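The values are calculated or read from the model by the stated rules, or taken from the named source; none is laboratory data. It should be emphasised that the depicted structure is a prediction, and the values quoted were computed from it without experimental measurement. Every residue, glycine among them, receives a Cβ derived from its backbone with ideal geometry; neighbour counts consider all protein chains shown. Heads up: the accessible areas ignore ligands, DNA and RNA and are worked out on the full protein's heavy atoms, side chains in. Shrake-Rupley method; radii C 1.70, N 1.55, O 1.52, S 1.80 Å.
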Amino acid sequence: QEDLEALIAEFQSLDAKKTQVIETSCPPPSPRLNGSLCAHPEKDELILFGGEYFNGQKTYLYNEVYVYNIRKNSWSKVEIPNPPPRRCAHQAAVVPTAGGQLWVFGGEFASPNGEQFYHYKDLWVLHLATKTWEQIKASGGPSGRSGHRMVACKRQLFVFGGFHESARDYIYYNDVYAFNLDSFTWSKLAPSGIGPAPRSGCQMATTPEGSIIIYGGYSKQRIKKDVDKGTLHTDMLKTEAQGGRALEEDKWAWSRLNPSGVKPTPRSGFSVAIGPNNRSLLFGGVHDEEEEESIEGDFFNDIYFYDIGKNRWFPGQLKGPKSEKRKRRRGRQADAEGAGDEEMEKQPPQGPVEIVKEVVAEDGTVMTIKQVISGPAEEKERSESEEEEEDGALGQQVEPCPRSNAMLAVKHGVLYVYGGMFEVGDRQFTLSDLYSIDLHKMEEWKVLVEMDPKAQEWLEESESDEEDDDTEGAEGGEEEEESSEEESEDEGGEDQHPSVQPDEKHADYLSRTEQYWIKLARSNMGPDAKEKKVVKVAHAMAKTFYEDSV
């Protein structure tokens with residue numbers, strides 16, 4: 001604990017040297033998860049703060065502020081003096097006061113080796129109009145924690161749940177606190193009735209009347225020495241003020257909700273947002289199959305909506321672009337009437353288009369292979385076998401690959417999904433892509449920032465240079481990542497795959513290099529993966545590399 005506090009203090013002394021606000025345009029932020037993404041209350045902007053990245057050896061934490069300009073599809077980095085210490089798994093909420101305020105509470109700092117944690121209990125506000133950070137010192141707030149949830153409602157911030165982990169033990173919470181945005185005071189609510197079991201990573205939403213709804217989440221219990229049992233919660237509860245005013249001095253009470261419709265399948269690590277039409281939503285997550293020795297994860301990329309007024313869940317289903325449907329339905333008639341649509345469709349897509357292929361094993365592990373198509377010319381050259389494999393669907397819809405711990409924000413009814421991670425065997429892929437989908441239309445996902453997870457560095461533990469200076473490593477993490485992403489596949493040591501020879505057919509390339517790809521797939525998936533599955537993944541990787549090369 002003291003070591004971590006010293007490390008945090010050292011980072012803060014580095015931050016204190018910054019004396020002015022510096023805003024610079026920049027490439028998209030490096031890969032990360034467990035940060036916060038919020039929509040600016042007045043501008044067409046999204047604000048990204050904090051998060052973490054793990055490269056196989058070291059954990060990096062961030063406290064930069066990045067701003068995404070929705071209209072320009074561009075990023076800028078805003079360096080602001082005296083920011084909160086770097087953190088992840090915190091919570092952020094935006095209120096429209098005085099040109100917009102971003103409130104941040106809690107979260108955690110991890111030692112570079114990822115084995116020690118420091119949990120924050122501090123409260124900060126970023127004044128968006130003046131671009132200044134301010135720490136709000138008010139007593140009586142929640143204890144240090146991460147994985148909690150926080151929402152703003154009726155001039156208050158409500159905080160629920162989360163967990164605290166030390167070297168020896170951990171504890172999950174189910175308490176509720178309110179912070180008054182007028183008096184700047186904390187109060188602990190004590191609702192009557194049976195509340196939710198302690199948990200982290202749940203969905204927390206408020207109703208227009210000021211009630212609070214809790215769904216799902218994760219907790220674990222120690223069942224014997226060194227053996228923990230995880231629980232995926234799927235229950236739903238509501239707490240409301242008996243006086244109906246949702247003030248902290250009111251008496252609150254818990255009640256159980258039994259929603260209708262199709263509930264999300266059990267999962268943890270899902271991401272949450274409030275959508276239009278009084279609906280909350282969750283995206284993605286992971287369902288871990290916990291064995292004695294290992295955990296196999298089944299990752300998701302689906303959306304579920306909860307209609308707060310109707311107390312009903314339903315899955316979000318893509319309807320497909322309208323222009324395509326009309327052409328199919330009316331055939332040639334559309335050629336004349338929909339000429340405008342067709343011209344648009346004939347133009348090359350803005351930027352690269354991503355085709356996502358997934359190999360799903362029997363045990364649920366998802367290996368995601370991504371292929372980037374830069375324009376229609378390349379589409380024509382794709383082989384017949386590939387078209388057959390995709391059932392002839394040349395215009396296969398793009399979508400975010402399955403992931404957990406992504407960052408979500410909704411602005412003007414459009415959902416934005418940034419980053420997160422998925423795992424294959426023992427390897428973690430951290431993402432830096434950005435997707436959007438119009439929640440009113442639910443027609444198609446759009447790729448705003450592309451990323452190829454295969455290009456990401458991953459350092460095996462054995463390679464670790466343990467004498468690294470921790471501060472320098474954590475400070476320099478971002479530059480290291482960005483430079484490693486920019487390396488071309490030809491330069492990268494572990495990415496130097498067997499090259500495709502001139503005019504070499506796919507089948508010949510595969511038979512010549514199959515053992516290499518099997519070895520690579522095996523190293524990614526771990527020694528326990530089934531041989532059949534390893535071969536399948538190896539062939540998929542080889543095929544993707546072959547197609548990218550020719």
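Some values worked out for this structure:
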quantity	calculated
Under the Karplus curve 6.51 cos²θ - 1.76 cosθ + 1.60, θ = phi - 60°, whole-Hz ³J(HN,Hα) for region 99-108, x wherever Gly or Pro sits	x, x, 10, 10, 9, 10, 10, x, x, 9
Summed side-chain charge close to Ser511 - residues other than Ser511 whose Cβ falls under 11 Å, Lys, Arg +1, Asp, Glu -1	-1
Convex hull volume per residue for region 59-179, taking Cα atoms only, in Å³	124 Å³
Accessible-area ranking of Val65, Val550, largest first, probe 1.4 Å	Val550, Val65
Rule-of-thumb Rg ratio for region 129-231 [Cα; 2.2 N^0.38 Å; N residues]	1.22
q = 0.15, 0.16 Å⁻¹, region 177-258: log10 I(q)/I(0) [Debye, one scatterer per Cα]	-0.63, -0.69
Å² of accessible area per residue within region 506-548, as computed with a 1.4 Å probe and no ligands counted	52 Å²
Heavy atoms of Glu444 accessible to a 1.4 Å probe, total area in Å² rounded to 10	70 Å²
Top positive-direction residue, dipole computed over region 1-137 with Cβ charges, set His40, Phe11, Leu126	His40
Gyration tensor (Cα) of region 506-548, equivalent ellipsoid semi-axes in angstrom	18, 9, 8
Exposure of Met525 as accessible area (Å², to 10), given a probe of 1.4 Å and all protein chains	10 Å²
Sequence ranges 137-148, 498-509, 71-82, ranked by mean other-Cβ count within 10 angstrom, highest first	137-148, 71-82, 498-509
Computed Kirkwood radius, in angstrom, where 1/r is averaged over Cα pairs of region 164-308	17.0 Å
11 Å beta-carbon shell around Glu52, net charge (K/R +1, D/E -1)	+3
Under the Debye formula (equal points on every Cα, no solvent term), log10 I(q)/I(0) of region 1-137 at q = 0.12, 0.14 Å⁻¹	-0.46, -0.63
